[in-house]
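The block underneath contains the structure these notes are about, expressed in C-alpha coordinates.
The values are calculated or read from the model by the stated rules, or taken from the named source; none is laboratory data. Everything numeric here is computed off the predicted structure, so don't read it as measured data. Don't worry about glycine lacking a Cβ; one is built from the backbone with ideal geometry, like all the others, and counts go over all protein chains shown. For accessibility, only protein heavy atoms count, side chains too; no ligands or nucleic acids. Shrake-Rupley method; radii C 1.70, N 1.55, O 1.52, S 1.80 Å.
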Amino acid sequence: MTQQFVSTSIIRAGRFTAALSLVCIGGLLLWDAASTGYSHVKWLKVWWPLIPISWVFEVVVTGLLMRGRKKQWKVDLMGISASLIVAVSVFLVAQPNLFQQWVRTIQFDFSMMKQMVLEGGVPITKESIEQQLAEEIDQLTVVHETGDIYIETAEVDTIEVESIVTVYEATQQEAEMAAGAVNLNMKQTTPNKLVLDGKSYVHGNELSHPLQMDIKITIPEEKFIELDIQVDKGNVYAQRPVAPIYVQANEGDIRIVDALDRVEATTSKGDIECNDIKGMAVLHTMKGNVYGQRLEAGAELQVQQGNMELNEINSTLHAVAHNGNVTISSSQLSGYWSVENLNGDVSLTLPQDVDMNVDLHSLQGRIMTNYSLLGSEETAVIGSVGEGGVGLRVRASGSILLQHKG
(Lines give C-alpha, C1' and ligand atoms only; values in the text may rest on other atoms or scores of the structure.)
Protein backbone atom coordinates (compact mmCIF):
# COMPACT_ATOMS: atom_id res chain seq x y z
CA MET A 1 0.00 0.00 0.00
CA THR A 2 1.36 3.37 -1.00
CA GLN A 3 1.19 6.19 1.45
CA GLN A 4 0.66 9.69 0.14
CA PHE A 5 2.06 12.49 2.23
CA VAL A 6 0.28 15.80 2.03
CA SER A 7 2.09 18.90 3.18
CA THR A 8 0.30 20.58 6.04
CA SER A 9 2.49 23.68 6.10
CA ILE A 10 0.67 26.97 5.95
CA ILE A 11 1.76 29.99 3.94
CA ARG A 12 1.50 33.11 6.09
CA ALA A 13 0.82 36.19 3.99
CA GLY A 14 2.56 39.20 5.50
CA ARG A 15 5.60 37.44 6.92
CA PHE A 16 7.87 38.83 4.20
CA THR A 17 6.65 42.38 4.90
CA ALA A 18 7.15 41.95 8.65
CA ALA A 19 10.69 40.61 8.16
CA LEU A 20 11.61 43.35 5.71
CA SER A 21 10.23 46.02 8.07
CA LEU A 22 12.33 44.74 10.96
CA VAL A 23 15.43 44.67 8.76
CA CYS A 24 14.83 48.28 7.65
CA ILE A 25 14.25 49.50 11.21
CA GLY A 26 17.39 47.75 12.42
CA GLY A 27 19.34 49.19 9.52
CA LEU A 28 18.22 52.72 10.35
CA LEU A 29 19.26 52.28 13.98
CA LEU A 30 22.70 51.00 12.92
CA TRP A 31 23.02 53.88 10.46
CA ASP A 32 22.24 56.35 13.27
CA ALA A 33 24.84 54.73 15.50
CA ALA A 34 27.50 55.18 12.82
CA SER A 35 26.39 58.60 11.55
CA THR A 36 27.56 62.07 12.50
CA GLY A 37 24.61 63.61 14.25
CA TYR A 38 21.82 63.05 11.71
CA SER A 39 18.81 60.97 12.77
CA HIS A 40 17.68 58.62 10.01
CA VAL A 41 15.11 56.91 12.24
CA LYS A 42 12.89 59.97 11.85
CA TRP A 43 12.19 58.73 8.31
CA LEU A 44 9.81 56.25 9.96
CA LYS A 45 7.28 59.00 10.65
CA VAL A 46 7.24 59.82 6.92
CA TRP A 47 7.42 56.36 5.31
CA TRP A 48 5.56 54.21 7.87
CA PRO A 49 2.46 53.89 5.57
CA LEU A 50 4.60 51.65 3.33
CA ILE A 51 4.32 48.89 5.96
CA PRO A 52 0.51 48.40 5.74
CA ILE A 53 0.60 49.03 1.97
CA SER A 54 3.22 46.32 1.47
CA TRP A 55 1.29 44.00 3.77
CA VAL A 56 -1.96 44.39 1.82
CA PHE A 57 -0.07 43.91 -1.45
CA GLU A 58 1.52 40.70 -0.14
CA VAL A 59 -1.87 39.38 1.03
CA VAL A 60 -3.44 40.04 -2.38
CA VAL A 61 -0.56 38.45 -4.30
CA THR A 62 -0.51 35.40 -2.01
CA GLY A 63 -4.25 34.94 -2.44
CA LEU A 64 -3.93 35.03 -6.22
CA LEU A 65 -1.00 32.60 -6.29
CA MET A 66 -2.62 30.13 -3.88
CA ARG A 67 -6.00 30.12 -5.60
CA GLY A 68 -6.81 26.62 -6.78
CA ARG A 69 -3.95 25.00 -4.89
CA LYS A 70 -4.23 22.62 -1.98
CA LYS A 71 -1.73 24.51 0.14
CA GLN A 72 -3.34 26.53 2.88
CA TRP A 73 -2.53 30.16 3.60
CA LYS A 74 -3.56 32.71 6.17
CA VAL A 75 -2.89 36.33 7.03
CA ASP A 76 0.09 36.76 9.36
CA LEU A 77 -1.48 39.13 11.87
CA MET A 78 1.09 38.33 14.53
CA GLY A 79 4.05 39.12 12.29
CA ILE A 80 2.77 42.45 11.03
CA SER A 81 1.67 43.46 14.55
CA ALA A 82 5.15 42.70 15.83
CA SER A 83 6.77 44.90 13.18
CA LEU A 84 4.45 47.80 13.99
CA ILE A 85 5.10 47.40 17.73
CA VAL A 86 8.84 47.48 17.07
CA ALA A 87 8.48 50.63 14.97
CA VAL A 88 6.60 52.41 17.78
CA SER A 89 9.10 51.11 20.35
CA VAL A 90 11.92 52.72 18.39
CA PHE A 91 10.27 56.10 18.92
CA LEU A 92 9.46 55.40 22.57
CA VAL A 93 12.87 54.02 23.61
CA ALA A 94 15.54 54.81 21.04
CA GLN A 95 14.23 58.22 19.94
CA PRO A 96 12.05 59.66 22.75
CA ASN A 97 12.42 63.26 21.56
CA LEU A 98 11.23 62.38 18.07
CA PHE A 99 8.21 60.59 19.50
CA GLN A 100 7.26 63.56 21.69
CA GLN A 101 7.60 65.95 18.76
CA TRP A 102 5.49 63.64 16.58
CA VAL A 103 2.75 63.48 19.23
CA ARG A 104 2.74 67.27 19.57
CA THR A 105 2.37 67.56 15.77
CA ILE A 106 -0.63 65.20 15.74
CA GLN A 107 -2.25 67.07 18.61
CA PHE A 108 -1.81 70.35 16.79
CA ASP A 109 -3.38 69.00 13.60
CA PHE A 110 -6.41 67.76 15.55
CA SER A 111 -6.66 71.08 17.37
CA MET A 112 -6.85 72.91 14.07
CA MET A 113 -9.79 70.76 12.93
CA LYS A 114 -11.75 70.11 16.08
CA GLN A 115 -14.41 72.39 17.51
CA MET A 116 -12.77 74.64 20.03
CA VAL A 117 -14.78 73.75 23.13
CA LEU A 118 -13.60 73.15 26.67
CA GLU A 119 -15.29 70.67 29.00
CA GLY A 120 -17.61 71.93 31.70
CA GLY A 121 -19.19 74.76 29.74
CA VAL A 122 -22.03 75.40 27.31
CA PRO A 123 -20.71 76.09 23.76
CA ILE A 124 -22.51 78.60 21.58
CA THR A 125 -21.44 78.90 17.94
CA LYS A 126 -21.43 82.49 16.73
CA GLU A 127 -22.14 83.66 13.22
CA SER A 128 -19.00 83.59 11.10
CA ILE A 129 -17.41 86.71 9.59
CA GLU A 130 -16.16 87.06 6.01
CA GLN A 131 -14.00 90.04 5.18
CA GLN A 132 -13.29 91.02 1.59
CA LEU A 133 -9.72 92.10 1.03
CA ALA A 134 -8.76 95.22 -0.81
CA GLU A 135 -5.51 95.11 -2.75
CA GLU A 136 -3.73 97.41 -0.29
CA ILE A 137 -4.56 95.34 2.83
CA ASP A 138 -1.36 93.69 4.09
CA GLN A 139 -1.75 93.72 7.91
CA LEU A 140 -4.13 92.03 10.34
CA THR A 141 -4.11 92.77 14.07
CA VAL A 142 -6.03 90.53 16.47
CA VAL A 143 -6.69 91.79 20.00
CA HIS A 144 -8.28 89.22 22.29
CA GLU A 145 -9.03 88.87 26.01
CA THR A 146 -9.83 85.24 26.91
CA GLY A 147 -9.78 82.23 24.60
CA ASP A 148 -7.65 80.39 22.10
CA ILE A 149 -6.76 81.68 18.64
CA TYR A 150 -6.29 79.30 15.69
CA ILE A 151 -4.82 80.64 12.46
CA GLU A 152 -4.43 78.77 9.19
CA THR A 153 -4.05 79.56 5.51
CA ALA A 154 -6.20 78.01 2.80
CA GLU A 155 -7.40 78.46 -0.77
CA VAL A 156 -9.97 81.14 0.03
CA ASP A 157 -10.59 84.64 -1.30
CA THR A 158 -11.65 86.32 1.94
CA ILE A 159 -10.60 86.31 5.58
CA GLU A 160 -12.96 83.95 7.38
CA VAL A 161 -13.48 84.14 11.13
CA GLU A 162 -15.30 81.43 13.10
CA SER A 163 -15.89 81.66 16.83
CA ILE A 164 -17.38 79.66 19.68
CA VAL A 165 -18.33 81.21 23.01
CA THR A 166 -18.17 78.77 25.92
CA VAL A 167 -20.19 79.92 28.94
CA TYR A 168 -19.57 78.36 32.34
CA GLU A 169 -21.83 77.88 35.36
CA ALA A 170 -24.90 78.51 33.22
CA THR A 171 -27.94 76.74 31.80
CA GLN A 172 -28.48 76.56 28.04
CA GLN A 173 -30.81 79.57 28.13
CA GLU A 174 -28.44 81.61 30.29
CA ALA A 175 -25.54 80.67 28.02
CA GLU A 176 -27.40 81.81 24.92
CA MET A 177 -28.21 85.14 26.54
CA ALA A 178 -24.61 85.66 27.68
CA ALA A 179 -23.18 84.67 24.30
CA GLY A 180 -25.60 87.03 22.56
CA ALA A 181 -23.88 89.98 24.20
CA VAL A 182 -20.46 88.88 22.92
CA ASN A 183 -19.48 89.83 19.39
CA LEU A 184 -16.32 90.10 17.38
CA ASN A 185 -15.68 93.34 15.57
CA MET A 186 -13.52 93.60 12.44
CA LYS A 187 -12.80 96.99 10.95
CA GLN A 188 -10.31 98.70 8.69
CA THR A 189 -8.35 101.21 10.76
CA THR A 190 -5.88 102.38 8.10
CA PRO A 191 -5.76 101.92 4.34
CA ASN A 192 -3.62 98.79 4.71
CA LYS A 193 -4.66 97.41 8.12
CA LEU A 194 -7.55 95.35 9.51
CA VAL A 195 -8.22 94.95 13.26
CA LEU A 196 -10.19 92.03 14.73
CA ASP A 197 -11.32 93.06 18.21
CA GLY A 198 -12.25 90.26 20.60
CA LYS A 199 -11.43 92.21 23.74
CA SER A 200 -13.83 95.13 24.04
CA TYR A 201 -16.81 92.96 25.08
CA VAL A 202 -15.21 92.25 28.46
CA HIS A 203 -15.12 95.91 29.39
CA GLY A 204 -18.26 96.98 27.58
CA ASN A 205 -20.69 94.43 29.05
CA GLU A 206 -21.57 93.35 32.57
CA LEU A 207 -21.00 89.59 32.38
CA SER A 208 -22.96 87.46 34.82
CA HIS A 209 -21.19 84.19 33.88
CA PRO A 210 -17.53 83.44 33.18
CA LEU A 211 -16.91 82.73 29.52
CA GLN A 212 -14.28 82.53 26.86
CA MET A 213 -14.34 82.98 23.10
CA ASP A 214 -12.24 80.70 20.90
CA ILE A 215 -11.50 82.04 17.44
CA LYS A 216 -10.43 80.37 14.22
CA ILE A 217 -9.09 82.63 11.46
CA THR A 218 -8.58 81.42 7.89
CA ILE A 219 -6.43 83.61 5.65
CA PRO A 220 -5.95 83.38 1.86
CA GLU A 221 -2.69 81.57 1.23
CA GLU A 222 -1.97 83.72 -1.84
CA LYS A 223 -2.29 86.98 0.12
CA PHE A 224 0.73 88.45 1.93
CA ILE A 225 -0.75 89.57 5.27
CA GLU A 226 1.44 90.40 8.25
CA LEU A 227 -0.09 89.12 11.50
CA ASP A 228 0.00 90.84 14.89
CA ILE A 229 -1.68 88.65 17.54
CA GLN A 230 -2.28 89.92 21.10
CA VAL A 231 -4.08 87.77 23.66
CA ASP A 232 -4.33 88.17 27.43
CA LYS A 233 -5.30 84.64 28.45
CA GLY A 234 -5.33 81.94 25.81
CA ASN A 235 -3.24 79.81 23.48
CA VAL A 236 -2.22 80.75 19.95
CA TYR A 237 -1.81 78.18 17.17
CA ALA A 238 -0.68 79.24 13.69
CA GLN A 239 -0.18 76.97 10.70
CA ARG A 240 1.70 78.05 7.58
CA PRO A 241 1.68 81.83 7.83
CA VAL A 242 3.20 83.22 4.63
CA ALA A 243 4.09 86.68 6.02
CA PRO A 244 5.78 87.76 9.28
CA ILE A 245 3.83 86.86 12.41
CA TYR A 246 4.15 88.56 15.80
CA VAL A 247 2.47 86.96 18.83
CA GLN A 248 2.18 88.33 22.36
CA ALA A 249 0.44 86.29 25.04
CA ASN A 250 0.20 87.16 28.70
CA GLU A 251 -0.77 83.65 29.77
CA GLY A 252 -0.88 80.84 27.24
CA ASP A 253 1.10 78.57 24.92
CA ILE A 254 2.21 79.54 21.42
CA ARG A 255 2.71 77.04 18.60
CA ILE A 256 3.69 77.98 15.06
CA VAL A 257 4.50 75.53 12.26
CA ASP A 258 5.51 75.86 8.59
CA ALA A 259 6.12 79.61 8.71
CA LEU A 260 7.50 81.08 5.51
CA ASP A 261 8.75 84.35 7.04
CA ARG A 262 9.87 85.91 10.31
CA VAL A 263 8.38 84.70 13.60
CA GLU A 264 8.37 86.61 16.89
CA ALA A 265 6.60 85.03 19.86
CA THR A 266 6.51 86.23 23.47
CA THR A 267 4.56 84.82 26.41
CA SER A 268 4.79 85.58 30.11
CA LYS A 269 3.54 82.15 31.17
CA GLY A 270 3.46 79.27 28.72
CA ASP A 271 5.43 77.10 26.31
CA ILE A 272 6.56 78.15 22.84
CA GLU A 273 7.03 75.66 20.02
CA CYS A 274 8.14 76.56 16.50
CA ASN A 275 8.76 73.97 13.78
CA ASP A 276 9.86 74.46 10.17
CA ILE A 277 10.47 78.22 10.26
CA LYS A 278 11.96 79.71 7.09
CA GLY A 279 12.57 83.20 8.51
CA MET A 280 14.26 84.41 11.67
CA ALA A 281 12.74 83.06 14.92
CA VAL A 282 12.70 85.35 17.98
CA LEU A 283 11.18 83.48 20.92
CA HIS A 284 10.90 84.69 24.54
CA THR A 285 9.06 83.16 27.50
CA MET A 286 9.18 84.18 31.13
CA LYS A 287 7.92 80.90 32.58
CA GLY A 288 7.75 77.92 30.25
CA ASN A 289 9.72 75.79 27.82
CA VAL A 290 10.89 76.53 24.28
CA TYR A 291 10.90 73.83 21.59
CA GLY A 292 12.24 74.38 18.09
CA GLN A 293 12.85 72.26 15.02
CA ARG A 294 14.34 73.19 11.67
CA LEU A 295 14.88 76.91 12.23
CA GLU A 296 16.45 77.78 8.90
CA ALA A 297 17.29 81.49 9.12
CA GLY A 298 18.61 81.57 12.67
CA ALA A 299 17.10 82.03 16.11
CA GLU A 300 17.21 84.37 19.09
CA LEU A 301 15.79 82.63 22.16
CA GLN A 302 15.36 83.59 25.79
CA VAL A 303 13.85 81.56 28.62
CA GLN A 304 13.61 82.94 32.16
CA GLN A 305 12.38 79.77 33.86
CA GLY A 306 12.15 76.58 31.82
CA ASN A 307 14.01 74.27 29.48
CA MET A 308 15.09 74.76 25.90
CA GLU A 309 15.06 71.89 23.36
CA LEU A 310 16.22 72.57 19.80
CA ASN A 311 16.79 70.35 16.78
CA GLU A 312 18.32 71.36 13.43
CA ILE A 313 19.43 74.98 13.65
CA ASN A 314 20.62 75.90 10.17
CA SER A 315 22.02 79.38 10.79
CA THR A 316 23.06 81.68 13.63
CA LEU A 317 21.86 81.03 17.18
CA HIS A 318 21.74 83.22 20.27
CA ALA A 319 20.16 81.35 23.17
CA VAL A 320 19.91 82.54 26.78
CA ALA A 321 18.42 80.44 29.59
CA HIS A 322 18.18 81.76 33.13
CA ASN A 323 16.94 78.72 35.06
CA GLY A 324 16.69 75.41 33.20
CA ASN A 325 18.53 73.05 30.89
CA VAL A 326 19.47 73.58 27.24
CA THR A 327 19.54 70.65 24.79
CA ILE A 328 20.49 71.22 21.14
CA SER A 329 21.03 68.72 18.31
CA SER A 330 21.87 69.59 14.72
CA SER A 331 23.33 67.90 11.64
CA GLN A 332 25.29 71.05 10.77
CA LEU A 333 26.83 74.19 12.24
CA SER A 334 26.49 76.84 9.54
CA GLY A 335 26.43 80.03 11.61
CA TYR A 336 27.86 81.47 14.81
CA TRP A 337 26.31 79.97 17.95
CA SER A 338 26.22 81.64 21.36
CA VAL A 339 24.58 79.70 24.19
CA GLU A 340 24.33 81.01 27.76
CA ASN A 341 22.78 79.26 30.74
CA LEU A 342 22.88 81.12 34.02
CA ASN A 343 21.57 78.25 36.14
CA GLY A 344 21.59 74.84 34.44
CA ASP A 345 23.35 72.45 32.09
CA VAL A 346 23.99 72.62 28.34
CA SER A 347 24.04 69.55 26.04
CA LEU A 348 25.07 69.86 22.38
CA THR A 349 25.12 67.14 19.71
CA LEU A 350 26.84 68.02 16.41
CA PRO A 351 28.36 66.12 13.46
CA GLN A 352 31.68 64.38 13.93
CA ASP A 353 33.26 66.04 10.88
CA VAL A 354 32.17 69.61 11.68
CA ASP A 355 34.65 72.48 11.31
CA MET A 356 34.39 74.89 14.24
CA ASN A 357 36.23 77.00 16.77
CA VAL A 358 35.14 76.14 20.32
CA ASP A 359 35.02 78.38 23.38
CA LEU A 360 33.42 76.62 26.36
CA HIS A 361 33.34 77.82 29.96
CA SER A 362 31.57 76.26 32.94
CA LEU A 363 31.30 78.14 36.22
CA GLN A 364 30.49 75.29 38.62
CA GLY A 365 30.28 72.13 36.52
CA ARG A 366 32.60 70.31 34.19
CA ILE A 367 32.99 70.08 30.42
CA MET A 368 32.73 66.69 28.72
CA THR A 369 33.29 65.99 25.02
CA ASN A 370 34.11 63.06 22.75
CA TYR A 371 35.81 65.24 20.13
CA SER A 372 39.36 63.88 20.30
CA LEU A 373 41.04 67.24 19.65
CA LEU A 374 39.41 68.88 22.66
CA GLY A 375 40.13 68.34 26.32
CA SER A 376 37.58 66.81 28.67
CA GLU A 377 36.48 67.17 32.26
CA GLU A 378 37.77 70.75 32.43
CA THR A 379 36.00 73.97 33.40
CA ALA A 380 37.24 75.73 30.26
CA VAL A 381 37.92 74.38 26.79
CA ILE A 382 39.20 76.51 23.92
CA GLY A 383 40.24 74.88 20.67
CA SER A 384 39.34 73.87 17.13
CA VAL A 385 37.65 70.90 15.52
CA GLY A 386 38.46 70.04 11.93
CA GLU A 387 39.69 73.11 10.09
CA GLY A 388 38.05 75.52 12.52
CA GLY A 389 35.97 78.39 11.16
CA VAL A 390 32.44 78.69 12.54
CA GLY A 391 32.35 79.80 16.17
CA LEU A 392 30.66 77.95 19.04
CA ARG A 393 30.57 79.87 22.34
CA VAL A 394 28.98 78.35 25.45
CA ARG A 395 28.75 79.79 28.95
CA ALA A 396 27.02 77.76 31.68
CA SER A 397 26.84 77.61 35.44
CA GLY A 398 26.40 73.83 35.25
CA SER A 399 27.93 71.08 33.13
CA ILE A 400 28.56 71.34 29.39
CA LEU A 401 28.34 68.26 27.17
CA LEU A 402 29.60 68.59 23.61
CA GLN A 403 29.33 65.33 21.73
CA HIS A 404 29.08 63.80 18.29
CA LYS A 405 27.42 60.61 17.14
CA GLY A 406 29.64 57.82 15.93
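In whole Hz, what ³J(HN,Hα) sequence does region 319-327 give by Karplus (6.51, -1.76, 1.60; θ = phi - 60°), x for Gly and Pro?
Per residue, the Karplus-derived 3J(HN,Hα) values read 10, 10, 10, 9, 7, x, 9, 10, 10 Hz.
Around ASN235, under 10 Å between beta carbons, what's the net of Lys plus Arg minus Asp minus Glu among the other residues?
Summing Lys/Arg as +1 and Asp/Glu as -1 gives -3.
Accessible area, 1.4 Å probe, largest first: how do VAL23, VAL247 sort? Before the final figure, lay out each step's value.
Values: VAL23 100, VAL247 5 Å².
The ranking, largest first, comes out as VAL23, VAL247.
Report the accessible area of ARG395, computed with a 1.4 Å probe over the heavy atoms of all protein chains in place, in Å² rounded to the nearest 10.
Approximately 60 Å² of ARG395 is accessible to the 1.4 Å probe.
Need one value: the accessible area of VAL381 in square angstrom, 1.4 angstrom probe, rounded to the nearest 10.
10
For LYS269, what accessible surface area do you get with a 1.4 Å probe? Give it in Å², rounded to 10.
Accessible surface of LYS269 is approximately 110 Å².
Give a residue-ordered list of calculated ³J(HN,Hα) values for region 290-297 (Karplus: 6.51 cos²θ - 1.76 cosθ + 1.60, θ = phi - 60°; whole Hz; x for Gly, Pro).
10, 10, x, 9, 6, 9, 7, 10
For LYS287, LYS216, give me the order by solvent-accessible area with a 1.4 Å probe, most accessible first, ignoring ligands, DNA and RNA.
Details: LYS287 110, LYS216 35 Å².
Largest accessible area first, the list is LYS287, LYS216.
Provide GLU251, GLU130, GLU155 ordered by accessible surface of protein heavy atoms (probe 1.4 Å), highest first.
From most exposed to least exposed: GLU155, GLU130, GLU251.
Of LYS126/LYS187; LYS126/LYS269; LYS126/LYS233; LYS233/LYS278; LYS216/LYS287, which pairs sit farther than 24 Å apart, going by alpha carbon to alpha carbon?
Cα-Cα > 24 Å for LYS126/LYS269; LYS233/LYS278; LYS216/LYS287; rest within.
Please compute the contact order of region 226-309 in relative form: average sequence separation of alpha-carbon pairs under 8 Å and at least six residues apart, divided by the residue count, as a percent.
For region 226-309, the relative contact order is 21 percent.
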